[in-house]
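Taking it in order: structure first as structure tokens, then the write-up.
The values are calculated or read from the model by the stated rules, or taken from the named source; none is laboratory data. Just so it is clear, the model here is predicted, and its values are computed rather than measured. For neighbour counting, all protein chains shown are included, and Cβ atoms are generated from backbone atoms with ideal geometry for every residue, glycine included. Protein only, heavy atoms only, side chains kept; ligands, DNA and RNA dropped before computing areas. Shrake-Rupley method; radii C 1.70, N 1.55, O 1.52, S 1.80 Å.
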Amino acid sequence: MRIDILTLFPEMFTGFLDGSLLGEARRSRLIDVCLTNIRDFAEGVHRQVDDRPYGGGPGMLLMPGPVVSCVEAVQQQAAVPGHVVMLTPGGRRLDQAGVEELARKERLVLLCGRYEGFDDRVRETLSPDQVSIGDYVLSGGEVAAMVIVDAVARLLPGVLGDEESARQDSFSGADRLVEGPQYTRPREFRGLRVPDVLLSGDHGRIARWRHEQAVDATRSRVPTNLSPSRS
Ligand code: ADE
């Protein structure tokens, strides 16, 4: 898979892209991540990319010219056109099913905003898939893009050593349960013992116990915004 990241701050990605899982996936050519600086598509001596909103209001907006030119230029860099994702807090909220959908694309183009967001003509011109990683506001789309790259990369065949481990992750599989508790050595830590069933060697019992734990863990998760118990 090829992932293009369009940003005003490409340097934010350096440590992240070299990190263990992703660095290895890139070196093995399972994933190709290309960074492009939106400012390279700005015009004038000042290479301006942002300006004040018409009608007043706080902050600055990304101008449509440099952003659209950048996306168009990047799209020309490979034979397959990329699926354009605009990172924005107002987009559809990402979940594991959404990550799986993105992981099936041959190429992604992740468009990172800054300041107060994009001039709306970026959306009108490009009709991007607008994605939010959660109901909170980040200073820009870069961290959201990293979240997507990380979550997508681990689903690509060959990236995780053990194919089964992605399938067993929380939110994966038809029932989308979160994982229940897991244990490693020692058998006892500060008086807390590993549940006997896990030491029983009975794989059927272990699988049933794990499923029950996953159901309980899923039920007791933090409730949604609409839940009456939330203060
Ligand atoms: N940019 C700013 N906040 C964001 C969020 N929550 N998700 C995606 N992009 C963003």
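What to note about this one:
- Residue count for the range 16-40, restricted to those that are part of a helix (DSSP H, G or I) and open to solvent by less than 20 Å² (accessible area, probe 1.4 Å): 5.
- Residue match in the range 108-121 (condition: free of Cβ contacts under 8 Å to residues at least 40 places away in the same chain and open to solvent by 20 Å² or more (accessible area, probe 1.4 Å)): yes
- Extreme residue, nearest to residue 84 (Cα to Cα), among residues of the range 122-137 that are of a type in the set (A, V, I, L, M, F, W, C) and crowded, with 18+ Cβ neighbours inside 10 Å: 126
- Evaluating residue 104 against the criteria (1) away from the ligand (no atom under 13 Å from the Cβ); (2) among the basic types (Lys, Arg); (3) buried (at least 18 other Cβ atoms within 10 Å of the Cβ) leaves one unmet condition, (3).
- Looking only at residues of the range 181-193 that are assigned to a loop (DSSP other than H, G, I, E, B) and open to solvent by 70 Å² or more (accessible area, probe 1.4 Å), we find that the one that is farthest from residue 152 (Cα to Cα) is 190.
- Filter pass, residue 160 being among the hydrophobic types (A, V, I, L, M, F, W, C) and at pLDDT below 95: yes
- Number of the exception - residue 86 against (1) free of Cβ contacts under 8 Å to residues at least 60 places away in the same chain; (2) over 30 Å from residue 157 (Cα atoms); (3) touching a Leu at 6+ places or on another chain (Cβ under 7 Å); (4) within 16 Å of the ligand (Cβ to nearest atom): (2)
- Of all residues in the range 197-206, one or more are in contact (Cβ under 8 Å) with a residue 12 or more places away in the chain and either open to solvent by 80 Å² or more (accessible area, probe 1.4 Å) or touching a Phe, Trp or Tyr at 6+ places or on another chain (Cβ under 9 Å) (or both).
- Restricting attention to the range 129-180, the residues that are out of contact with any Leu (no Cβ under 6 Å at 6 or more places or on another chain), near the ligand (Cβ under 8 Å from one of its atoms), farther than 18 Å from residue 15 by Cβ and outside any loop (DSSP other than H, G, I, E, B) add up to 1.
- When 222, 149, 159 are checked against the criterion of being open to solvent by less than 40 Å² (accessible area, probe 1.4 Å) and not assigned by TED's automatic domain parsing to the domain that holds residue 29, 159 stands alone in meeting it.
- Number of positions in the range 67-120 that are assigned to a helix (DSSP H, G or I), touching a strand residue (DSSP E or B) at 6+ places or on another chain (Cβ under 9 Å) and within 16 Å of residue 39 (Cα to Cα): 5
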